[in-house]
Amino acid sequence: MAGIRVNGLLALGWVAPVVLALMWGLQFVARASPGSAPPTPPSPLAAFDGDPPIADADAWLARRAPLLRQAFLSRIYGELPWTSEQRTDYRTIDNGSLHGAARLELVTLHVGLEQSPLHVALFTPHGEQQSSLVIVSDFCGLDIDIDPRLPRPLWRAPRCRSGVGRAITQLSHGDAILRPSLQAMIDRGYAVAVFYAGELAPDDPVLFRQTLHQHSANLHEIGAIGAWASLYLAVFDALRQDPRVAPSQIALWGHSRYGKAALLAAALDTRVGAVIANQSGTFGATLSSGTRGETPAQISRRFPHWFPMALQNGAAADGFDQHLLLALLAPRPVLLGNAGLDRWSDPAASFAAARAASDAYALFGSEGLVQDTMRTPNLTADIAFYVRPGGHGVRTSDWGRALDFLDIHFPKQGARARAPARGA
């Protein structure tokens, strides 16, 4: 009898964690279900901050867009620490990189007189006169994620400092979280530029403030997301002058925190051709006021260096929310990637923001988001949205979806880029 009792207790010990895991997963599925979408926020065309309602594209470009850009900088992201004034140096690393399909160059950007340089790994496909370009932010450093011949940064995130940490990161966040699908992009005819934002703006609350303090008198007005956005734009400004790059077909790609930065960079510079923001979450593509994921207060406590020290807690008041950031992208293509188990990024609140931003796209003759649900992606639309299985991270399938999207919206590139990819 005692043995039966012990076996029964052991069985319950196994059942309880399984039940808890199922309940934990079901809450994520519920959060990502179409019926869980929050109410649609006010239209970006409605009166805002003393500016009357917008009726046409001219009024949007002349009045509303400049007003919104300044509002996002002053209320949330702060000043951009680096300007486009820079010197750019090129050095060839490998003429036969990626199975002989690409040339790998080290591009060094000097973004300020006293600032340490930013290094960029630039892959250009052989046999192309001009290529569309994808600018990608890296998580651990170019030397370990891209090629060991590239410079080693002074700072790495703790999870990147050992093989075990990197393996755990890939296991928990996807096979493509550390290294983008370079081969697939090259095989489709895209040039790729990869930079490591932590080289100049460490994702660490103490080191970020110390580093920025050396180069800016307005330390309290600068946050890491704005700093990373300025690095996206520095790379964009430099490489759009490269004769091998089609300047109107440059896309910014970012995941999570760098998805926030990519969206901000494109919102501030209308020359950016397209944006792919993967699970950008709060202060990215997700409504701050309607999210059931990570709240503005939680994210500010966990990552205080991401925002200026004077960040206003009521940034989402009076209808000011992230749908207005997406509206600033109009009429350019934007792809919002999501995952069904990604609780903190709250796909439903991101979908609501995309739907509301479509009013701005309509001003330019575009429908914006045309999907009925989050799970029926339409990559031909100027705002495309998808939800894949799994959790927060980057998978090879995310890159496949992103390249399919760019093939459609960068038509010259798509017409010549149909060779099957050889893998990541």
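Take the Cα radius of gyration of segment 73-112 and divide it by 2.2 N^0.38 Å, with N its residue count; two decimals is plenty.
Working: Rg = 16.5 Å, N = 40, 2.2 N^0.38 = 8.9 Å.
It is 1.85.
Cα-based Rg of segment 153-307 per 2.2 N^0.38 Å, rounded to two decimals? Let's see the in-between values first.
Working: Rg = 16.3 Å, N = 155, 2.2 N^0.38 = 15.0 Å.
With N residues counted in segment 153-307, Rg over 2.2 N^0.38 Å equals 1.09.
Run a plain Debye calculation on segment 160-208 (Cα atoms as equal point scatterers, no solvent) and give log10 I(q)/I(0) at q = 0.24, 0.33 Å⁻¹, rounded to two decimals, same order as the q list.
Result of the Debye calculation: -1.00, -1.07.
For the pair A59 and T396, how long in nm is the line joining their label points, each one 7 Å along Cα→Cβ?
5.1 nm
Check which residues have an amide H placed less than 5 Å from G368's amide H, if you skip close sequence neighbours.
Amide H neighbours of G368: D382, I383.
Based on the inverse mean of 1/r over its pairs of different Cα atoms, what is the Kirkwood hydrodynamic radius of segment 103-178, in Å?
Values: mean 1/r = 0.0698 Å⁻¹.
Taking every pair of different Cα atoms in segment 103-178, averaging 1/r and inverting gives 14.3 Å.
Would you grab the residues whose amide H sits under 5 Å from the one on R388? Only those 5+ places off in sequence or on another chain, please, with H modelled 1.01 Å from N.
Excluding prolines and chain starts, which carry no amide H, the hits are N338, A339, G340.
Taking 0.36 nm per residue of separation and subtracting the Cα-Cα distance, what length does fully extending R91 through T373 add?
96.8 nm
Return the long-range amide H neighbours of N378 (sequence gap of 5 or more, or a different chain), with a cut-off of under 5 Å between placed amide H atoms.
Here F385 satisfy the definition.
Going by average Cβ density within 10 Å per residue, which order do the peptides 393-399, 351-357, 245-251, 264-270 take, highest to lowest?
Working: 393-399: 21.9, 351-357: 25.7, 245-251: 20.1, 264-270: 23.6.
Peptide ranking by packing, descending: 351-357, 264-270, 393-399, 245-251.
Where a number appears in this text, it was derived from the coordinates with a stated rule and is not lab data. On a predicted model such as this, the values are computed, not experimentally measured, just so you know. Glycine also receives a Cβ, built like all others from the backbone with ideal geometry; neighbour counts cover every protein chain displayed.
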